[in-house]
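A short worksheet on the structure shown next.
The values are calculated or read from the model by the stated rules, or taken from the named source; none is laboratory data. Keep in mind the model is a prediction, meaning the values are calculated, not measured. We place every Cβ from the backbone using ideal geometry, glycine too, and count neighbours over all the protein chains shown. To get the accessible areas, we keep the full protein, side chains included, count just its heavy atoms, and leave off ligands, DNA and RNA. Shrake-Rupley method; radii C 1.70, N 1.55, O 1.52, S 1.80 Å.
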Amino acid sequence: MVALAAQLLWLLLVGKGTHRQEHRQAPRQEAPQVRLPEQIFSLLLVLGLAAVALQLPAEMGMGQYKTLAQLRRLEHQGDAEKVLSGDSPRMRLDVYEAKSLHQTLFAGPEAGVMAPPQLAVLYDGEPAGTIFQIEENRGARIMDSTPQSLAYRLVRSRREVGELRSGEVSAPRALLLGEVGGTNIWLGRRFGIEQFTVVQPSEMLIDGLKGPLRSAGGGVFTLPGVETVVQPPRLFLERRGKQRYDVIQLVSAEGMPAAGGGMQSLHEDYLVNREGIVGCLALLKPEGVVSITRGIQSPPRDNLKIFALFLDALEQMGVAEPRKHLLQARNYLAVTTMVSADPFDTAAIDALRRESRELGMDIEYYPGIESERLEQRNRIDGPPGASYSYYHHGAMQLTEGNREELFESWPYNIRPPTDQKPYFYNFFKWDSLGQFIRSYEGKFLQRMELGYVVLMLTLLEIVLVAFVLILLPLWIRRGRSLKGLQESPKAYRLPVLLHFGAIGFGFMFLEMVMIQKLGLFLGDPIYSASAVITAILLCAGAGSSLQGRIPLPPGRRIKTAAAIVVLLIVGLLFLLDPLVDLLFGFPLVIRYCIGLLILALPSFFMGWMLPSGMGILSAGAPDMVPWAWGINGFSSVAAGPLAVLISMEAGFPATLTAAALCYAAAGLTVYLWPPAQPTPSV
């Protein structure tokens with residue numbers, strides 16, 4: 001709100017000067033000027049809003065249903081204790097100790113032991129991981145009964161066979177992408193893993209685990225053979241070295257899915273997509289596996305999407321028979337899906353059967369599985385009349401050539417995500433909306449994708465509020481101070497609407513999609529937003545300031561700038577991804593500067609469009625200038641959520657294409673402007 005008021009003040013204060021500059025080439029016609037009382041009122045408004053903002057509490061309120069709020073209530077009762085707390089631009093970190101914390105990580109009833117005392121690690125008020133308060137491996141015995149252990153059991157069995165065949169004697173190694181509390185380090189050590197590489201993007205968490213929390217967690221992150229890398233997991237994969245791994249566990253993708261998908265559906269995930277899985281497969285040793293364990297849903301969505309994603313990654317690598325590289329099994333709580341760069345042979349399948357039986361898990365898929373011979377110990381929903389679950393049904397459909405039929409008929413979006421559409425947690429399908437309403441009636445929103453619903457509501461709310469605050473006042477005042485809206489030539493109305501609306505949408509489309517795309521290249525959305533906003537605002541501002549010195553009439557400047565911007569956006573469509581692939585290995589500072597340079601030139605010419613249009617309008621219909629500002633403000637505000645919606649539905653290339661089309665439309669509006677009238681002689 002303060003920023004909006006500041007922008008309004010700037011427009012009011014500099015509007016007079018802008019008119020003067022454009023009137024050098026315009027007919028002698030007085031432009032509407034801002035009166036001193038309005039300037040004083042705007043200044044007081046900004047100062048008042050700034051004072052209110054400074055009085056707001058530094059710590060915002062916590063939602064009452066968040067886990068952190070519940071732990072705070074326990075803390076006030078004396079039943080919980082805060083062990084560590086911290087804030088960073090990326091997240092809020094809290095670590096709590098309470099006797100009521102006993103997460104079992106999907107362990108089945110075969111465990112026979114209780115979970116050890118624990119600390120809960122929370123990101124932004126919600127659980128992110130668990131720290132076992134133990135000193136050695138035997139304290140983590142419960143991990144032997146988790147579905148996550150299946151990958152380690154399988155690798156142990158396959159490794160024994162592989163060593164006999166290939167003679168490999170290197171120490172077994174695991175890569176834990178997004179590990180939080182160290183529980184999977186204890187798990188790997190119980191199954192013979194000696195070397196670990198833990199990749200975690202939060203330096204604050206790693207510092208806490210190696211410092212204040214070291215004794216509480218048995219110093220698991222400082223044990224011999226444990227290497228920690230503070231880096232986003234996908235960036236680690238892109239900058240991979242020669243090290244290879246027996247197990248790669250995507251810990252950040254594991255856990256119990258939120259009801260309705262939660263707000264995660266709005267966030268890009270560059271690890272759990274086609275290119276991320278390809279990067280994982282490239283780092284595997286022979287007989288190594290990539291594993292994800294995720295909670296059960298009914299009807300299934302997350303685990304079917306993971307299975308489809310693994311298939312898609314194998315096909316991207318050119319694997320001839322990808323169905324031979326996949327395994328899936330579950331207990332009554334969670335599903336473990338595994339993929340290998342090498343096909344699973346008979347020995348591996350026998351090991352899967354044996355280990356699954358010991359864990360009390362049902363096998364859903366292995367190469368050559370026969371649906372008729374399946375038996376469910378942990379019975380869950382399946383197709384009518386079938387003896388198997390929907391997980392097996394989906395796996396068979398995906399591997400037997402009925403993939404598109406499954407994608408189209410399934411109530412959730414389970415198409416594999418890619419770097420161009422990296423929304424793994426977006427399961428929303430418009431085709432299923434009616435089905436959800438009929439099935440769940442008044443509670444259908446609870447079963448749908450909450451993030452997508454919030455995005456749609458946000459877009460509608462912003463459009464409504466922007467109309468009320470930006471366009472409606474101009475409409476109300478048209479009969480009074482803005483008489484030009486009635487008296488100005490009608491021929492100006494369509495070009496004003498198209499030109500200033502198109503550049504508002506195009507500007508924000510490009511800004512939003514580049515923030516999303518450069519998040520992978522820079523490794524952090526904070527760095528991405530900083531680079532994009534800095535480059536666009538500075539360079540567009542420079543273009544706006546310098547365009548008046550170009551010895552061309554405003555119409556020619558608009559056509560020139562629009563053509564250049566469209567060509568540069570088309571260049572980004574085809575060249576941006578190959579370029580950043582070549583530059584991942586550079587230090588962050590250099591990558592940040594490259595991000596600035598990528599946007600500098602298009603932003604400079606984008607800055608020509610609005611002042612050049614204002615120049616034409618000021619010369620021919622100056623009383624319509626406020627309307628032009630209102631149209632541009634309205635489109636700029638509405639474009640933000642609309643850009644995210646387009647990216648989620650159609651991908652980043654579609655949003656870039658929309659930006660190019662907007663600037664092309666703005667350039668073509670010069671042919672709609674009425675011809676300039678000659679200045680009358682005196």
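Here the label points at Ala542 and Ala654, each 7 Å from Cα along the C-beta direction, are separated by 3.5 nm in the simple model.
Take every pair of alpha-carbon atoms less than 8 Å apart whose residues are at least six positions apart; their mean separation over the length of the chain yields a relative contact order of 13 percent. Rounded to the nearest 10 degrees, the angle from helix 67-77 to the longest Cα principal axis of the chain is 70 degrees. Taking all protein chains into account, the per residue accessible area for region 293-386 stands at 40 Å² (1.4 Å probe). Based on Cα contacts under 8 Å between residues 6+ apart, region 507-609 shows a relative contact order of 47 percent.
Using R₀ = 22 Å, calculate the FRET efficiency as 1/(1 + (r/R₀)^6) where r is the Cβ-Cβ separation of Leu579 and Arg90; round to 0.05. Please list the in-between numbers first.
On the way: r = 26 Å, r/R0 = 1.18.
It comes out at approximately 0.25.
With R₀ set to 41 Å, the beta-carbon distance separating Val468 from Arg549 gives a calculated FRET efficiency near 0.60.
Note on Tyr527: accessible area approximately 100 square angstrom, rounded to 10, probe 1.4 Å, nucleic acids and ligands left out. Quick one: grab the alpha carbon gyration tensor of the chain, order the square roots of its eigenvalues as a ≥ b ≥ c, and give me rounded if a/c is under 1.5, else prolate or oblate depending on whether a/b is larger than b/c. Prolate shape, in that a/c is at least 1.5 and a/b is the bigger ratio.
In a fully extended conformation the segment linking Arg377 and Ile526 would gain 49.0 nm over its present Cα-Cα distance, using 0.36 nm per residue. Using only the C-alpha atoms, the convex hull of region 346-433 corresponds to 147 Å³ per residue.
Seen against the Cα atoms of the chain and their longest principal axis, helix 149-166 is set at about 70 degrees. Taken per residue, the accessible surface of region 593-681 reaches 34 Å², heavy atoms only and a 1.4 Å probe.
What the phi angles of region 391-402 give under the Karplus curve with 6.51, -1.76 and 1.60, with θ = phi - 60°, is a coupling list of 5, 5, 4, x, 4, 5, 4, 6, 9, 10, x, 9 Hz, glycine and proline written as x.
Using the beta-carbon distance between Met456 and Tyr65 and R0 = 25 Å, what value does 1/(1 + (r/R0)^6) give for FRET efficiency, to the nearest 0.05?
0.70
Taking the accessible area of the chain, probe 1.4 Å, and keeping the other protein chains in place, the carbon and sulfur fraction comes to 59%.
Residue by residue, region 356-367 carries 3J(HN,Hα) couplings of 5, 5, 5, 8, x, 9, 8, 7, 9, 7, 8, x Hz when phi is fed to the Karplus relation 6.51 cos²θ - 1.76 cosθ + 1.60 (θ = phi - 60°); x denotes Gly or Pro. Distance between the 7 Å Cα→Cβ label points at Glu404 and Val589: 5.2 nm.
With the simple model of a label 7 Å out from the Cα in the direction of the Cβ, Thr222 to Ala50 spans 4.7 nm. Across region 276-289, rounded Karplus estimates of 3J(HN,Hα) from the backbone phi angles (6.51 cos²θ - 1.76 cosθ + 1.60, θ = phi - 60°) give x, 5, 4, x, 5, 4, 5, 9, 7, 7, x, 6, x, 9 Hz, Gly and Pro being marked x.
Annotation: amide H of Gly129 within the under-5 Å range of Val121, sequence separation 5 or more or interchain, hydrogens built in the peptide plane. In this view, the solvent-accessible surface of Arg415, computed with a 1.4 Å probe and all protein chains in place, comes to about 90 Å². Relative to the current alpha-carbon distance between Leu43 and Glu160, full extension at 0.36 nm per residue lengthens the span by 34.5 nm. Please give the per residue accessible area of region 86-243, computed with a probe of 1.4 Å over protein heavy atoms only, in Å². Heavy-atom accessible area per residue stands at 41 Å².
Computed over protein heavy atoms with a 1.4 angstrom probe, the accessible surface ordering of Asp246, Asp207, largest first, is Asp207, Asp246. If you sort Glu649, Glu408 by accessible surface, 1.4 Å probe, largest first, the order is Glu408, Glu649. Within straight-line reach of Lys99, meaning a Cα separation under 15 Å, sit the following aspartates and glutamates at least 8 residues removed in sequence or on another chain: Glu75, Asp79, Glu81.
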